[in-house]
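Read through the structure below, which is laid out as structure tokens, and then see the notes.
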Amino acid sequence: MDAGPGRGWQCFHEVIERHTRFLLTSHIFPEGDSLGSEVALALHLRQRGKTVHVVNPTPPRPCFQFLLDLFPIHHLTGNGIRPIPDEVEVVVALDVGRWDYIGSLAPVLRESELPRVVIDHHHPSEDFGHVALVDPQASSTSEMIYEFLRWSGARIDPQIAQALYAGVMFDTGGLRLPQARNSTVVMVADLIRRGADHRTVTQAIFESESYARMELLRRALGYLKRERNGRIAWISIPDCVFAETGTTLQDGDGILDHLLSIREIDVCALFRESSSDGVRVTFRSKGRHDVGMIAAHLGGGGRPNAAGVFLPCTLEEAEQRILPVLCDLYEAVQVPVSSEAGLRD
Ligand SMILES: [Mn+2]
């Protein structure tokens, strides 16, 4: 079902009307958008007199504490946290639409009879929610929550505005990434008007790098390779690099955003070797090539501009499998140089 004004939001509105106890959750390794959309929706539901629990499969990075200060968020690796608190009537999964991305919450949710609502801006790849509100054109799940709140005429107070602002800024890399549209900029201006604080959010999100992550980036750039006159670029990080820099696979998030800043690159990929079980492959596109299709074809998921898949194989095998597909995608959608200027608005 498509989200946006109309049937999708009406359906979600009715779910809220009919229930009083909600569990909100999101994907493993929650980040700005998953936490921001959770906090905003939780605050809204509480405004409406509902009981809300937010439980994620894994904890967030410390830089997101300012969001947890707005609404308590628990995680399953914490002490004494039950995946489904008593008397929850409905589960809302935000920024996720796949069983394998909710980690240890998956078996519990599968077993429960609880109705599930999914609100997500990634292409759905399986039947995860009983009600699925999916908009791959949206910059972020937080933008979708903003649209729902505006559609329903709800009050967006300064705390909700702050949470949504954080989600949008995180997922768009501070409005720089291709998923940020003109309408996204208008929306964040409205959130500032409603009380979000730009400096608090950007400082927390964009000035919180650890030295270890910077060291990982430095090492990763040493593995940068290019193909098709530099239009395709990729980085393959062997597992020893994570061990030597004291980082995890998750710390490699954001490396592809650096590659997108290179002028001629159209699509790029990051291969992260996990010491135990395989290779995490993530893709980014500047917008002309749908990398979401590649990921979905391989059993992964994502959006046209950002997608990923986990392959249970070696780093070399992953490259051999993916790189020809990327080259095919590039050649199928070549844009004549003469029309490139017109595509940039
Ligand atoms: Mn997101």
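Laboratory data are not the source of any read-out in this text; all were calculated from the coordinates shown. Owing to the predicted nature of the structure, the values given are computational and were not obtained by experimental measurement. Cβ coordinates were reconstructed from backbone atoms using ideal geometry, including for glycine residues, and neighbour counts include every protein chain displayed.
Some observations on this one:
- Sequence-separation-based contact order of the chain, relative, with Cα cut under 8 Å and 6+ spacing, percent: 13
- Degrees, to the nearest 10: 211-221 long Cα axis against longest axis of the chain: 40
- Once the C-beta distance of R226 and T20 is scaled by a Förster radius of 56 Å, the resulting FRET efficiency is 0.50 to the nearest 0.05.
- Alpha-carbon gyration tensor eigenvalues x 5, square-rooted, for the range 211-338, Å: 24, 17, 12
- Ordering H130, H121, H19 from the fewest to the most neighbouring beta carbons within 10 Å gives H130, H19, H121.
- Cα gyration tensor, the range 202-282 - rounded (a/c under 1.5), prolate or oblate: oblate
- Sequence-distant residues sharing a close amide H with T58 (under 5 Å, placed H): F29, L76
- Based on C-alpha pairs under 8 angstrom that are at least 6 apart in sequence, the range 7-206 has a relative contact order of 23 percent.
- GNM remark for the chain: springs join alpha carbons under 10 Å apart, and the peak mean-square fluctuation among R231, R272, R110 falls on R110.
- Degrees separating the helix 7-18 axis from the principal Cα axis of the chain, which is the longest one: 40
- Relative contact order, percent, the range 211-338 [alpha-carbon distance under 8 Å, six or more residues apart]: 19
- Helix axis angle, 182-193 relative to the chain longest principal axis, alpha carbon, degrees: 40
- Counting other Cβ atoms within 10 Å as a rough exposure proxy, the listed residues C313, C240, C268 run C240, C313, C268 from fewest neighbours to most.
- Relative compactness, the range 41-198, computed as alpha-carbon Rg over 2.2 N^0.38 Å: 1.04
- The range 53-145: C-alpha gyration tensor shape, a/c 1.5 cut-off, then a/b vs b/c: oblate
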